[in-house]
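Trainee: Okay, here's the structure, questions in a sec.
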Amino acid sequence: MKFFVDTAEIDAIKELHALGMVDGVTTNPSLIAKSGRDILEVTKEICDLVDGPVSAEVVALDADTMLAEGRKLAKIADNIAVKVPLTWAGLQTCKTLSEEGTMVNVTLCFSANQALLAAKAGATFISPFIGRLDDINIDGLELIEDIRTIYDNYGFETQILAASIRSANHMSDCAKIGADVATAPPNVIKGMANHVLTDKGLAGFMADVEKAGIKIL
Ligand code: E4P
């Protein structure tokens, strides 16, 4: 499973990238707003840093303006994936941009039917939001399973990009189901390293290091 990092914070991307943990980046208008940066400027900086796909989201609601925005975003770098919402206008924009050879990430997906439409419209990525479904007591992971089944049934090449990931468990659950990509905030990716038994075991080893005066350097 590929790891995308869900942030527009350059330092956080750099830290994970140095460890080979960044196969791509996703942003959205809220993350851009949080960064306090200009969308075109920060997106270009991210694209220069990372080889994999960098999702940048349109902000218009109608298809014509979305398409114009998408084309402008696509010019930033070759690794841009234009992110469009899962609306009829978003699907129209997806179809045109995909035919023009631009990667498209269809976002705000909350049902298997929406995912089916995105695949038919030629999306490179579909982004089902599992955390936001969990928030309203609907099993987000079940949606990932359903989309996996449907895409495999018909050989759709659209990649399942599990989004709105809130915990380290979400990451391993998505990997078990066979999501192609998972995008998560930097703290969730770093949190995957944590285990209480690792901490406990290390504390025991350190106590013995102290007691025996073990030195290596
Ligand atoms: C992904 O592309 C989305 O930007 C993101 O995962 C949304 O996550 P949230 O529901 O935690 O805001």
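Trainee: Filter segment 96-105 down to residues that are more than 15 Å from the ligand (Cβ to nearest atom) and crowded, with 19+ Cβ neighbours inside 10 Å, then give me how many there are. Walk me through how you get there before you give the answer.
Mentor: Residues of segment 96-105 more than 15 Å from the ligand (Cβ to nearest atom): 96-102.
Now narrow it down to the ones that are crowded, with 19+ Cβ neighbours inside 10 Å: 97, 102.
Qualifying residue count, segment 96-105: 2.
Trainee: Just need a number here: residues in segment 117-139 that are near the ligand (Cβ under 10 Å from one of its atoms), crowded, with 24+ Cβ neighbours inside 10 Å and of a type in the set (Gly, Ala, Ser).
Mentor: Qualifying residue count for the region: 1.
Trainee: What number of residues within segment 3-37 satisfy the criterion of being over 21 Å from THR107 (Cα atoms) and of a type in the set (Asp, Glu)?
Mentor: 2
Trainee: I'm trying to understand the selection: among the residues of segment 7-58, which are open to solvent by 30 Å² or more (accessible area, probe 1.4 Å), outside any loop (DSSP other than H, G, I, E, B) and in contact (Cβ under 8 Å) with a residue 60 or more places away in the chain?
Mentor: If the condition is that a residue be open to solvent by 30 Å² or more (accessible area, probe 1.4 Å), outside any loop (DSSP other than H, G, I, E, B) and in contact (Cβ under 8 Å) with a residue 60 or more places away in the chain, then GLU15 is the only one that fits.
Trainee: Quick one: in segment 79-95, of everything that is among the β-branched types (Val, Ile, Thr) and touching a Leu at 6+ places or on another chain (Cβ under 6 Å), which residue is surrounded by the fewest Cβ atoms within 10 Å (Cβ to Cβ)?
Mentor: Filtering segment 79-95 for residues that are among the β-branched types (Val, Ile, Thr) and touching a Leu at 6+ places or on another chain (Cβ under 6 Å), the one surrounded by the fewest Cβ atoms within 10 Å (Cβ to Cβ) comes out as ILE80.
Trainee: Oh, and also: From LEU108, LEU161, grab the single residue that is outside any helix (DSSP H, G or I), at pLDDT 95 or above, open to solvent by 50 Å² or more (accessible area, probe 1.4 Å) and within 11 Å of the ligand (Cβ to nearest atom).
Mentor: LEU108
Trainee: Out of the residues in segment 169-217 that are part of a helix (DSSP H, G or I) and under 14 Å from the mean Cα position of the chain (by Cα), which is surrounded by the fewest Cβ atoms within 10 Å (Cβ to Cβ)? Give the derivation first.
Mentor: Kept after step one, since they are part of a helix (DSSP H, G or I), are these residues of segment 169-217: 169-177, 186-191, 196-212.
Within this subset, residues satisfying the condition of being under 14 Å from the mean Cα position of the chain (by Cα) are 170-171, 174-175, 186-189.
Working: HIS170: 22, MET171: 20, CYS174: 28, ALA175: 13, PRO186: 18, ASN187: 10, VAL188: 20, ILE189: 25.
For segment 169-217, the residue satisfying everything is ASN187.
The values are calculated or read from the model by the stated rules, or taken from the named source; none is laboratory data. This one's a predicted model, so the numbers in the text were calculated from it and none came from an experiment. Counting neighbours? That spans all protein chains shown, and the Cβs are built from the backbone with ideal geometry, glycine included. Ligands, DNA and RNA are stripped out before the accessible areas are found, and what is left, the full protein with its side chains, is counted by its heavy atoms. Shrake-Rupley method; radii C 1.70, N 1.55, O 1.52, S 1.80 Å.
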